[in-house]
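Notes for the one structure printed next.
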Amino acid sequence: MAPLFPRLLVAAAAAAILGALATAAAVDGGGNGYTRVFSFGDSLTDTGNALHLPCTGGGGPASRPPYGETFFRRPTGRASDGRLAVDFIVEAMRLPHPAPYLAGGKTAADFRHGVNLAVGGSTALAPVFYEGRGLKTFVPVSLANQTVWFENVVQLLGSSDHGRRKIMASSLFIVGEIGVNDYLVSLVGNLTVGEVKSFVPHIVGAIRSVVNEVIAAGATTVVVPGMIPLGCEPQLLALYQGGGGDDAGDYDPKSGCMTRLNDLAEHHNRALNHALAELRRAHPGVSLVYAELYRAVTDIVVSPGRYGFRDMPLAACCGGGGGPYNFNMTAFCGAAGATACAVPSEYVSWDGVHFTEAANRHIACAVLNGRPYDGGAPPTMSTVTAWPAAAEVGRSRIGCS
Ligand SMILES: *[C@@H]1O[C@H](CO)[C@@H](O)[C@H](O)[C@H]1NC(C)=O
Ligand SMILES: *[C@@H]1O[C@H](CO)[C@@H](O)[C@H](O)[C@H]1NC(C)=O
Ligand SMILES: *[C@@H]1O[C@H](CO)[C@@H](O)[C@H](O)[C@H]1NC(C)=O
């Protein structure tokens, strides 16, 4: 370990990325530069796709109250009480919300603000990968589907290759978060954390393929969010509560999160950053921004009061079961027998799996703050950097402290 040198390299790389972002932001001369957003992912980013999957029978929990009670004031298919991190990022950039792909758009006009391809329950890897291992995915959607849909939208956007590439070059791409369902499917299916770890290269490979795909289409700014701290998820904490096998694991004394699951998430993030470093070398003209979700969440969980959250950061606001996690699968938020807390903004977790709007705002602020990957080291001045001035304005627009 040579702590100083790599950190300087990281800072230099970040400065180069941010310079490129500033250039991209200057392209159209307008406020924030980007003209539209293309996003891939799962329920942390889905703004209305899973609602339209036949297999969810009309949408799953996020189609029912109290989802959406804080913002939108109705269920929209977002797995939260209000806005998702992607909603805050779009607002910060002063862009209209991109249309959810499965909402029925068929024309270029429908996608003039971009497209959100993220589907609740989606895995990075195709369901067949899991079926071959005796596991079952939540929905028949993976990054492979989202990539096909992306290609469909690109084709809609214009007949000339030049015209389409121009659109891609002025768009903001967000690839992720994706992979959490790959881990959930495996862990809920009783695989050990060690077994699940062997999937990481495959999952990261699927993310890398999408990044390559959008770059090939002409993308010049791609934000790639990392894995969230799986060991701080109420659902997983409840699953392993009361022991059971090897994976009962240790708990981090500071956060109360499960060390073994957080190690898995950190392993994912290391592999992802390794892939991003290779992609940056292969595509020097492209800004590839890693979004540090892991730290954004663990920061709150370790010091909830500092960020305005209650001193019970591992308990879900909505659901049932009580106790430190307030999670019970049969009383999932939105189901009969579930209740929601009075003030969701005091909670990190909305339903034991997804974040509250308050946590999502904090996550979006952390993403816009542009903290580069630091390999898990505590942040230092050289690794804490900002996006261009436009992002700084955007941060205040969405109420970042
Ligand atoms: C995703 O792709 C697979 C493989 O092509 C297909 O079987 C499945 O139906 C697709 N899912 C959706 C929702 O279109
Ligand atoms: C996982 O193990 C638990 C406890 O042994 C069991 O109740 C459950 O059915 C198992 N799940 C699967 C998908 O095999
Ligand atoms: C979970 O919720 C179901 C349905 O409300 C209830 O019957 C069951 O007792 C609950 N289990 C726990 C451990 O709270």
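A few remarks follow.
- Counted charge near ALA331, where neighbours are those whose Cβ lies closer than 14 Å (Asp, Glu -1; Lys, Arg +1): 0
- Relative contact order of the range 85-212: 24 percent, from C-alpha pairs under 8 Å at least 6 residues apart in sequence.
- By the rule of a C-alpha distance below 14 Å, with chain neighbours fewer than 8 residues away ignored, the aspartates and glutamates paired with LYS106 are GLU151.
- Computed packing ranks the peptides 290-303, 101-114, 61-74 as 290-303, 61-74, 101-114, most packed first, by mean other Cβ atoms within 10 Å.
- Near TYR251, the amide H atoms lying under 5 Å from its own belong to THR259; only residues 5 or more places off or on other chains count, and H is placed 1.01 Å from N.
- 5 angstrom amide H check on VAL289, placed H, neighbours 5+ away: VAL222, VAL223, VAL224
- Between the amide H of LEU191 and any residue lying 5 or more places away or on another chain, no distance stays under 5 Å, with hydrogens modeled in the peptide plane.
- Each Lys or Arg adds one and each Asp or Glu takes one away; over the other residues whose Cβ falls under 13 Å from the Cβ of HIS202, this sums to +1.
- Integer Hz, Karplus 6.51/-1.76/1.60 couplings in order for the range 224-233, x for Gly and Pro: 10, x, x, 6, 6, x, 4, x, 9, 7
- Here LYS197 is the anchor, and the lysines within straight C-alpha reach of less than 21 Å, apart from those fewer than 8 places off in the same chain, are LYS136.
Only the coordinates and a few stated rules stand behind these numbers; no lab work does. Keep in mind it's a predicted model, so treat the numbers as computed, not measured. Every residue, glycine among them, receives a Cβ derived from its backbone with ideal geometry; neighbour counts consider all protein chains shown.
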